[in-house]
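Notes to accompany the following structure.
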Amino acid sequence: MAFQGVDFYDIDSLLSEEERAVRDTVRRWVDEKVIPIIGDYYVRGEFPLHLVPEMAELGLFGANLPEEYGCAGLNNVAYGLIMQELERGDSGVRSFASVQGALVMYPIYAFGSEEQKRYWLPRMARGEVIGCFGLTEPDYGSNPAGMITTARKTESGWVINGSKMWITNGSTAQVAVIWAKTGALDDPKSIRGFLVPTDTKGFSARDQKGKLSLRASDTSELVLEDVCVSSDALLPKTEGLKSALMCLTQARYGIAWGAVGAAMACYEEAVRYAKTRVMFGRPIGGFQLQQARLADMLTEITKAQLLCLQLGRLKDRGAMTPEQVSLAKRNNVNMATEVARETRRLLGAQGILAEYQAMRHLANLESVYTYEGTHDIHTLILGEAITGLSAFT
Ligand code: TGC
Ligand code: FAD
């Protein structure tokens with residue numbers, strides 16, 4: 001059954017015609033191409049790679065980057081709506097697009113030379129090149145400033161050594177954005193970003209096995225052993241950890257929207273089930289307990305939708321702050337996790353099956369809660385914004 005949308009406050013009326021058209025196109029594609037197959041891919045633990053050319057054709061990669069580099073040149077609200085619809089399908093599908101667009105194409109756009117932009121961006125927009133983003137290390141997750149991956153300058157370029165952990169698209173990518181220290185290990189300002197082709201000698205990727213979450217997404221460990229790259233591998237405008245954190249702001253923005261999509265999918269499933277499942281002689285949706293559940297879900301989804309829209313309008317005006325993104329990522333992912341959990345419970349035993357969506361979304365959202373800054377880290381970012389006191393130093 002086609003998705004009708006969850007729009008209790010007529011948020012549609014606040015969108016432009018173009019924004020609605022983009023949303024509706026991606027919505028149809030997700031209904032036709034993602035939802036019917038994703039449960040099987042999830043159970044098999046496989047990313048549906050065959051979707052990549054179609055996503056590229058739809059202009060979904062780096063969709064808010066300029067047309068002169070082969071991208072769709074959409075505004076940030078339209079971009080957010082794309083993320084919402086993709087994650088309505090599955091967090092793994094949205095993750096793929098987030099990493100490609102916000103974590104690989106964005107740093108090339110923001111910190112790359114004109115040659116790097118002209119070479120990589122059109123290829124990535126067309127889905128011919130897949131990228132990954134290597135920031136996290138085994139011992140430096142929430143605290144990337146401590147990273148121990150190094151890049152040493154040589155006469156002809158750089159030699160990179162280190163390892164990166166939990167890297168989305170790590171084993172599928174042809175190019176990796178690798179963050180490494182070019183100076184002393186206690187100096188996060190010496191961190192720079194490098195574009196490393198994954199077929200470079202000394203680079204290897206190993207799939208993370210045993211995941212019970214984000215199963216329809218590749219997650220890998222990257223090892224870099226004396227990886228020699230030429231001088232033009234450096235993203236020349238990267239300046240310290242701040243450049244990597246700027247990329248995270250872009251990805252977190254998309255996640256704030258994406259989480260709403262996952263919640264919408266679960267809510268719709270809950271409503272459908274509540275109206276049709278008969279117990280004690282009537283649909284369970286007629287019982288006050290289940291109505292309270294549904295009312296809470298709709299309320300929280302509506303609040304999150306309004307949060308996203310205003311965040312997007314601020315971003316389009318160039319007025320969005322990283323702390324505002326933290327608030328939205330933290331709230332919306334937590335909200336979606338609760339909606340998925342309550343849907344799973346409303347569905348009774350059926351709710352544990354892959355043919356329904358709630359359990360898959362719930363398990364996925366546990367990763368989304370952790371990656372791109374854990375819920376706790378965003379709490380502390382907000383704590384600092386409120387008090388002016390950092391919990392980290
Ligand atoms: P701190 O001293 O606070 O900041 C250093 C400089 O950066 C600035 N800054 C930011 N700029 C832009 N956007 C942000 N979000 C920024 N956060 C900080 C800051 O103003 C400062 O600038 P300046 O000019 O003063 O130098 O740095 P810190 O080392 O104390 O770290 C702060 C902390 C803990 C908040 C940060 O390290 C953090 O966010 N940690 C979480 C790590 C994280 O989110 N990792 C994500 C890895 S990628 C991933 O998960 C991909 S999932 C992909 C998918 O599948 O979708
Ligand atoms: P830790 O930092 O070890 O945290 C453990 C616990 O301690 C958490 O509950 C945390 O909130 C808490 N904690 C940490 N510091 C504090 C503090 N100061 N105060 C209070 N509590 C604290 N990374 C990439 O670079 N690229 C990717 O593409 C990528 N993809 C990912 C995909 C998946 C499926 C997952 C699960 C992760 C991915 N990550 C990626 C890594 C992700 O960003 C990290 O897992 C995340 O930043 C948290 O780091 P950690 O797992 O090492 O947890």
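Filtering segment 270-302 to residues that are within 15 Å of N331 (Cβ to Cβ) and in contact (Cβ under 8 Å) with a residue 60 or more places away in the chain leaves I301, T302. For segment 239-256, a residue qualifies if it is open to solvent by less than 10 Å² (accessible area, probe 1.4 Å) and assigned to a helix (DSSP H, G or I), and the qualifying residues are S243, A244, C247, A251, Y253, G254, I255, A256.
So which residues in segment 366-393 are within 11 Å of ligand 2 (Cβ to nearest atom), open to solvent by less than 60 Å² (accessible area, probe 1.4 Å) and among the aliphatic types (A, V, I, L, M)? Listed by number, the residues that qualify are V368, I377, I381.
For every residue, the table says whether it meets (1) in a loop (DSSP other than H, G, I, E, B); (2) open to solvent by 10 Å² or more (accessible area, probe 1.4 Å).
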| site | (1), (2) |
| --- | --- |
| Q305 | no, yes |
| A319 | yes, yes |
| S326 | no, no |
| K329 | no, no |
| A336 | no, no |
| R345 | no, yes |
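Evaluating K164 against the criteria (1) of a type in the set (K, R); (2) in contact with a strand residue (DSSP E or B) (Cβ under 7 Å, 6 or more places away or on another chain); (3) farther than 22 Å from T249 by Cα leaves one unmet condition, (3). Whenever a residue of segment 355-377 is without any contact (Cβ under 8 Å) to a residue 40 or more places away in the chain, its partners that are within 13 Å of ligand 1 (Cβ to nearest atom) and open to solvent by less than 20 Å² (accessible area, probe 1.4 Å), lying with C-beta atoms within less than 6 angstrom and at least six residues away or across chains, give the pairs Y369/V333.
Counting the residues of segment 162-205 that are charged (D, E, K, R), within 25 Å of V93 (Cα to Cα) and out of contact with any Phe, Trp or Tyr (no Cβ under 9 Å at 6 or more places or on another chain) gives 1. Please go through segment 262-281 and give me each residue that is in a loop (DSSP other than H, G, I, E, B) and small (G, A, S), ordered by number. Correct list: G281 only. Across segment 303-329, the number of residues qualifying as in contact (Cβ under 8 Å) with a residue 12 or more places away in the chain and under 18 Å from A78 (Cα atoms) comes to 15. Counting only strands (runs of 3 or more DSSP E) that sit wholly inside segment 137-221, those with at least 3 residues that are surrounded by fewer than 21 Cβ atoms within 10 Å (Cβ to Cβ) are 150-153, 157-168, 203-207.
The sole residue among I167, I148 that is more than 12 Å from ligand 1 (Cβ to nearest atom) and aliphatic (A, V, I, L, M) is I148.
Within segment 79-93, none of the residues are within 13 Å of T168 (Cβ to Cβ), surrounded by 24 or more Cβ atoms within 10 Å (Cβ to Cβ) and basic (K, R).
The values are calculated or read from the model by the stated rules, or taken from the named source; none is laboratory data. Predicted model only: the values in this text are computed from it and were never measured. With ideal geometry, Cβ positions are generated from the backbone for all residues, glycine too; neighbour counts draw on all protein chains shown. With ligands, DNA and RNA removed, areas are computed over all heavy atoms of the protein, side chains included. Shrake-Rupley method; radii C 1.70, N 1.55, O 1.52, S 1.80 Å.
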